[in-house]
Amino acid sequence: MPTKIDMAKFAKFCKDMGFIYQSSEIYGGINGFWDYGPLGVELKKNIKDAWWQDMVRNPPPGPDGQEIRMVGLDCSIIMNPKVWVASGHAAGFADPMQTCRQCKKLFRADQVRDILPEAEWVLSLLKVMTVGEGLYPQSPALNLLLRNCSWKNSDLAKWANSKGQKLAPGMALVRNTETTLQTLEDIHRQNADLQLGVVIGILSSGQIAMTACPNCGGDLTEPKQFNLMNETHTGPVQSEENKAYLRPETAQGIFVNYRNVLDSTRLKLPFGIAQTGKAFRNEINPRNFTFRSREFEQMEIEFFCHPDESMKWYEYWRDLRKLWYSTLGVKSDNLVPREQGKEELAHYSIGTTDIEYMFPFSDEPQELEGVAHRGSFDLEAHAKASGMAEKFAYFDEDRWNADAATRTTNSFKEWMKSNPPAEQIGKYQFTPHVIEPSAGADRFTLAVLCEAYSEDEVPDASGKAEKRVVMKFHPRLAPIKAAIFPLVNKDGMPEKAMALYRSLKPHFNVFFDDKGAVGRRYRRQDEAGTPFCITIDGQTLTDDTVTIRDRDTLKQDRVKLSDVRAAIEKALSPQV
Ligand code: ATP
């Protein structure tokens, strides 16, 4: 992986292994919600721990080689609803939606183009049409819809009366075959070259320039704003006054605590505040396994800095965050940083880079993390809405003192009386700019699972090639770090193996297995992604050495029992 795979099959593998289960499965499940099984919970915890260790406790030096100051927070999921008014989430949560006039399903307008080419009815319809050469190899979905196409009306009519009935009952072509084909013919007469997206739009709506419903082939409404936040009520009585929301992102908890953190830690710019935690979005189309869920976990940093230095810090975080993924075993080829075009940027953003990953369910890379330069938008929004502007303005004492020789007074208040120009004041007193690297713990867990999955052949006990599934997790992320086996259950081997297991257990997640042939035990650990299997054999009893088998190379090294812990520790040390 990640070559293209059948996500349903992959989800079954993840379930069978205890990585991820559908939430409430025995009651038919619930769309967009997932549970992590015994291996999955360890994997996701290792991801969050690695992030916390490498970004919060031990971030690498900044652009000028200086130490980075970073602290953590753990904010409540439900906050005062005024937070969401100030942040802009309550006024629509920004995503325009389209509804199908036929089947009433809702779609996020910016996703229709990506979903449509994969819809079953489109794939079926393409078999009776001819499409020309592609133009935009960087976007397979768009590429398909923009290609010129040709068809025979008789084939379309036949399709409408057979496959179309079942796959696309909402399509105008299916509901009203003759009139729709006539409309298509009329439009075609005036435009010799018609693109597939336009033809599909006409066949779906019976008119020009409509988008088609990926579900039933019907026509979609114009994009409208919908609120994607999950509502709840605080207190036992449900009323408008106690309506509240489950947070759709962890970032706002950081912004509203910005002053508290400054006051309680006496941190100085530049510094970062980090938080991991659950976020909830009423996503319209949860899809691609856990990729788009309604409940998920984020790992977010808000990095506050002087506006003059913000571009430097933006570039620093953008590069560091990409590097971080590759230190955890994600191949650089599968990681694509994509700088958003001007037209995509949020109105307040000076720049945003999406770090995208080539998930095996898609032809195009998909967002793993967004690194956004948010300017002073968030702090200013809360300064205004809370009426506490003074709490959000930052006085840069170090810069002020550094320039002392250039002034006659060291009192900022006195100096202000001399009416200095705005850019001079802004050097010392300003609203900090914010760089936000915002990652998804579940999305990265899915990427790690996809990246790790591989199938190969290894010799069995008799030397015959045997197929194996092996999860090639980076040792830091592997749910189980080492498995300990007695080669046979006699001659004191189990006791020695148990003693080793007990000595390693306080330090790493290790697994003891004395059941079945040793080859079978190796296979089970390969599927779980355990990097090391340690076997206690006859030689251990005479010289206190064991074999350590490497999951990926299958190489077995003989090491002293007393060196086992250090060997595992070495593989687990961070590389950022
Ligand atoms: P997308 O465009 O994929 O919906 P977004 O741009 O809305 O994502 P952000 O608001 O920037 O996402 O959230 C930051 C990160 O949180 C994303 O990069 C992703 O890793 C994660 N994330 C966002 N929405 C979801 C979701 N529905 N399910 C799982 N993870 C999510």
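When L73 is tested against the conditions (1) more than 30 Å from A385 (Cβ to Cβ); (2) open to solvent by less than 80 Å² (accessible area, probe 1.4 Å), the lone failure is (1). If you go through segment 290-315 and keep only what is surrounded by fewer than 21 Cβ atoms within 10 Å (Cβ to Cβ) and either in a helix (DSSP H, G or I) or away from the ligand (no atom under 15 Å from the Cβ) (or both), you end up with H306, P307, D308, E309, M311, K312, E315.
Of all the numbered requirements in (1) in a helix (DSSP H, G or I); (2) loosely packed, with under 14 Cβ neighbours inside 10 Å; (3) modelled with pLDDT of 95 or more; (4) among the charged types (D, E, K, R), K9 misses one, and that requirement is (3). In segment 365-386, the qualifying residues are those that are within 12 Å of the ligand (Cβ to nearest atom) and open to solvent by 30 Å² or more (accessible area, probe 1.4 Å), and the one that is nearest to the chain's Cα centre (by Cα) is E367. Taking S154 as the residue in question, decide whether it is more than 43 Å from the chain's Cα centre (by Cα) and among the small types (G, A, S). Yes: the conditions hold for S154. The residues of segment 324-353 that are open to solvent by 70 Å² or more (accessible area, probe 1.4 Å), more than 16 Å from the chain's Cα centre (by Cα) and within 23 Å of S310 (Cα to Cα), listed by number, are E339, K342, E343, E344, H347, I350.
When each of G201, G235 is tested for being closer than 30 Å to S362 by Cβ and more than 16 Å from the ligand (Cβ to nearest atom), the lone residue that passes is G201. Scan segment 84-117 for residues that are more than 16 Å from the ligand (Cβ to nearest atom) and assigned to a helix (DSSP H, G or I) and the total you get is 4.
Can you name the residue in segment 128-141 that is in contact with a helix residue (DSSP H, G or I) (Cβ under 8 Å, 6 or more places away or on another chain) and more than 16 Å from the ligand (Cβ to nearest atom) and, of all such residues, is nearest to I202 (Cα to Cα)? Among residues in segment 128-141 that are in contact with a helix residue (DSSP H, G or I) (Cβ under 8 Å, 6 or more places away or on another chain) and more than 16 Å from the ligand (Cβ to nearest atom), the one nearest to I202 (Cα to Cα) is M129.
Hey, among the residues in segment 218-233 that are touching a residue at least 24 places away in the same chain (Cβ under 8 Å) and touching a helix residue (DSSP H, G or I) at 6+ places or on another chain (Cβ under 6 Å), which one's least open to solvent (accessible area, probe 1.4 Å)? Among those that are touching a residue at least 24 places away in the same chain (Cβ under 8 Å) and touching a helix residue (DSSP H, G or I) at 6+ places or on another chain (Cβ under 6 Å), it is D219. Among the residues of segment 391-412, which ones are open to solvent by less than 50 Å² (accessible area, probe 1.4 Å) and either touching a Gly at 6+ places or on another chain (Cβ under 7 Å) or in a helix (DSSP H, G or I) (or both)? The answer is F392, W400, A404, F412.
Exactly one residue out of Q539, Q525 is open to solvent by 70 Å² or more (accessible area, probe 1.4 Å) and modelled with pLDDT of 95 or more: that is Q539.
How many of the residues making up segment 413-441 are open to solvent by less than 40 Å² (accessible area, probe 1.4 Å) and part of a helix (DSSP H, G or I)? Matching residues across segment 413-441 total 5. Among the residues of segment 143-156, those that are buried (at least 17 other Cβ atoms within 10 Å of the Cβ) and part of a helix (DSSP H, G or I) comprise N143, L144, L145, L156. Picking from residues in segment 167-186 that are closer than 17 Å to C100 by Cα and in a helix (DSSP H, G or I), the one that is most open to solvent (accessible area, probe 1.4 Å) is R175.
Just need a number here: residues in segment 477-491 that are open to solvent by less than 30 Å² (accessible area, probe 1.4 Å) and farther than 15 Å from D513 by Cβ. The total comes to 2. Are any of the residues in segment 477-493 assigned to a helix (DSSP H, G or I), closer than 25 Å to D543 by Cα and over 30 Å from the mean Cα position of the chain (by Cα)? Yes, some residue in segment 477-493 is assigned to a helix (DSSP H, G or I), closer than 25 Å to D543 by Cα and over 30 Å from the mean Cα position of the chain (by Cα). Among the residues of segment 499-510, at least one is open to solvent by less than 30 Å² (accessible area, probe 1.4 Å), assigned to a loop (DSSP other than H, G, I, E, B) and touching a residue at least 12 places away in the same chain (Cβ under 8 Å). Take the conditions (1) within 23 Å of K48 (Cα to Cα); (2) more than 10 Å from the ligand (Cβ to nearest atom); (3) in contact (Cβ under 8 Å) with a residue 12 or more places away in the chain; S326 misses just one of them, which is (3). Contact map, segment 552-573: residues that are assigned to a strand (DSSP E or B) paired with residues that are at pLDDT 95 or above, Cβ distance under 6 Å, separation 6+ or inter-chain. Pairs shown: Q556/T547; Q556/R549; D557/I548; R558/T545; R558/T547; V559/I548; K560/T545. The numbered conditions (1) within 26 Å of T431 (Cβ to Cβ); (2) near the ligand (Cβ under 10 Å from one of its atoms); (3) modelled with pLDDT of 95 or more are all true for A346 except (3).
The values are calculated or read from the model by the stated rules, or taken from the named source; none is laboratory data. All figures in this text were calculated on a predicted structure; none of them were measured in a lab. Ideal geometry is used to build each Cβ from the backbone, glycine not excepted, and the neighbour counts take in all protein chains shown. What goes into the accessible areas is simple: the full protein's heavy atoms, side chains included, and nothing from ligands, DNA or RNA. Shrake-Rupley method; radii C 1.70, N 1.55, O 1.52, S 1.80 Å.
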